[in-house]
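Please read the structure below before turning to the comments.
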Amino acid sequence: MRRPYRIAVLASGRGSNLQAILDAIAQGSLDAVVAGVFSDKADAPALAKGRESGAVTASLSPRAFASRADYDESLFRLVDDVHPDLIVCAGYMRLVSEREVAARNGKMLNIHPSLLPAFKGLRTHQQALDAGVSWHGASVHFVSPELDGGPVIAQARVPVLPGDNADRLAQRVLEREHPLLLASLRLLAAGRIDLAGSQVRFDGRALHLPLQLDPDQRLVEQETTP
Ligand code: GRF
């Protein structure tokens, strides 16, 4: 029998993306197991969610380490112990050192609340409002050493509405972010998405534009730039 697809989650906070993964697995709509949940914050609600699910959990405080490289070496030793097929950064608020990323090229994902390459970093919803864009959203991308800079797999677009503030916009993006992550994980778990160097491939072909989440929560290829 095929071994279940093993996901490790790195999270610093609330853990709604982790919960979406756990719920999808429990409902049978994602054929995978959350093998471990890891955090830089001992009191992260995401860790508690991981514990409740029965996953291995661990937190390491960055303050206990002399450098980012030392921290990451220890953290990823714990991560590797759960033998993940994929590592998902879901609200993980630290940059990962180049060495650890390079050792896991194509095996680490991040979910970011903007249509990358627009609005990297923090406070993306306010950045979008300040820029006056009509469309905002979320992106799932492979992790590279550059902040929010790795190859994008898939995006969900969300209109900016009159009267939006950062909280309202964030809420609507989050509602699309969860199905975006789940749909991406289904394709990865099925082996339909991979990374060749820095090129995302979908069903073995180079993907030139990110997949888009359609209203039925399915990922579709883009014909032209919208
Ligand atoms: C999400 O908006 C994600 O895109 C960003 O951090 C937030 C994490 O939310 N990277 P949660 O902890 O999964 O609820």
Solvent-accessible area per residue for the chain at a 1.4 Å probe radius, Å²?
-> 49
Got the relative contact order for the chain handy, in percent, Cα pairs under 8 Å and 6 or more residues apart?
-> 16
So what's Rg/Rh here for the chain, counting alpha carbon atoms and using the Kirkwood radius for Rh?
-> 0.95
Residue-normalised 222 nm signal for the chain, counting each DSSP H run of n ≥ 4 as -39,500 (n - 2.57), nearest 500 deg cm²/dmol, is -10000 deg cm²/dmol
Spin-label model distance (nm) - L147 vs E73, 7 Å beyond Cα toward Cβ = 2.6
Quick one: length gained pulling R201 to A118 fully straight, 0.36 nm per residue minus the C-alpha distance?
-> 27.7 nm
Give the carbon-plus-sulfur fraction of the accessible surface of the range 54-185 in %, rounded to a whole number; probe 1.4 Å, heavy atoms of protein chains only.
-> 53
Once the in-chain neighbours fewer than 8 apart are removed, the aspartates and glutamates whose Cα is under 12 Å from K120 read E146, D148
How far, in nm, would the chain grow between R168 and N105 when pulled straight, counting 0.36 nm per residue and subtracting the alpha carbon separation?
-> 19.2 nm
Those lysines that a straight Cα-Cα span of less than 26 Å connects to K49, excepting residues fewer than 8 apart in one chain | K41, K107
For the range 46-93, give the magnitude of the charge dipole about the Cα centre (Cβ charges: +1 Lys/Arg, -1 Asp/Glu; no others), in debye to the nearest 20.
-> 240
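The values are calculated or read from the model by the stated rules, or taken from the named source; none is laboratory data. Just so it is clear, the structure is predicted and the values come from calculations on it, not from any experiment. For neighbour counting, all protein chains shown are included, and Cβ atoms are generated from backbone atoms with ideal geometry for every residue, glycine included. Accessible surface is based on the protein model in full, side chains and every heavy atom, while ligands, DNA and RNA are left aside. Shrake-Rupley method; radii C 1.70, N 1.55, O 1.52, S 1.80 Å.
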